[in-house]
1. Restricting to the stretch 138-155, give me the number of residues that are of a type in the set (Ser, Thr, Tyr) and not in a loop (DSSP other than H, G, I, E, B).
2. Does the stretch 155-169 include one or more residues that are loosely packed, with under 14 Cβ neighbours inside 10 Å, within 29 Å of PRO136 (Cβ to Cβ) and out of contact with any Lys or Arg (no Cβ under 6 Å at 6 or more places or on another chain)?
3. Name every residue in the stretch 75-102 that is outside any loop (DSSP other than H, G, I, E, B) and either buried (at least 16 other Cβ atoms within 10 Å of the Cβ) or modelled with pLDDT of 95 or more (or both), in order of residue number.
4. Take ASP159 and tell me if it is closer than 18 Å to ASN95 by Cα, among the acidic types (Asp, Glu) and modelled with pLDDT of 90 or more.
5. Within the stretch 12-61, can you find the residues that are more than 30 Å from TRP113 (Cα to Cα), assigned to a helix (DSSP H, G or I) and modelled with pLDDT under 70?
6. Of the conditions (1) out of contact with any strand residue (DSSP E or B) (no Cβ under 9 Å at 6 or more places or on another chain); (2) over 28 Å from VAL225 (Cβ atoms); (3) surrounded by 16 or more Cβ atoms within 10 Å (Cβ to Cβ), THR126 clears all except one; give me its number.
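The values are calculated or read from the model by the stated rules, or taken from the named source; none is laboratory data. Keep in mind the model is a prediction, meaning the values are calculated, not measured. Don't worry about glycine lacking a Cβ; one is built from the backbone with ideal geometry, like all the others, and counts go over all protein chains shown.
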Amino acid sequence: MLKVRGVREMQCRSKQGGFTLIEMAIVLLVIGLLLGGLLTPLSNKIESERYKESSRELDRIVDALMGYAVANRRLPCADMDGDGDDGDEAIADCNNEGFVPWLTLGVGREDAWGHPIRYRVDASFTSPVAPPVPDPPNTSSNFSIVDRAGVALSPVNPDAPVVILFSCGNDGLPNGENDANGAADSATCVNPGAPNPIYVQDVPDASFDDLLIWLSKNRVLNRMVAAGKWP
């Protein structure tokens, strides 16, 4: 009798001190839900910080471009082979889209996701402007900045944008009109198609995460005037 009672007491203690499989499953489910709730805001925060850092990098490139324009009376061509140099093509044929000439400008090469930054410049502003010059050059590339609905955000020739800079965002692909002919197929922010003059600037979301800025003709010329380099 005592033996049976002892076994029952041990069984009771075992049941009271341990967890059943169902209880363990519930605990794991709760932990998973808690972790998921914590990780989602953390992931969003990391993405937000990357966008902010990429935006700051684009601003630093803009400052370097302005300094280059003042010092050289022209803007650099795009880097076409990834070496960071703007001397990859003749100045007369600088209307191609490529990478930002980071080595020439002394700036960063990549955005916060580790993708190279794209750059394009109006060919009319890549030839040195020798004083005295009576009139400023007009844009000739007919660059156009629109939102995803096709609404124009920039003027047209002769006052179209002079410089276009953009990060490809998290997916590493140029999105929408930023992808020339829909030819981009790798997450390296490369645009293998023939460039067109239309670019998209809009609020990033799940289907569009490019971060694009552009420089107007007047902004560049006003900087040169302020520095005493124009006219």
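1. 1
2. Yes, because at least one residue in the stretch 155-169 is loosely packed, with under 14 Cβ neighbours inside 10 Å, within 29 Å of PRO136 (Cβ to Cβ) and out of contact with any Lys or Arg (no Cβ under 6 Å at 6 or more places or on another chain).
3. ASP79, GLY98, PHE99, TRP102
4. It is true that ASP159 is closer than 18 Å to ASN95 by Cα, among the acidic types (Asp, Glu) and modelled with pLDDT of 90 or more.
5. CYS12, ARG13, SER14, LYS15, GLN16, GLY17
6. (2)
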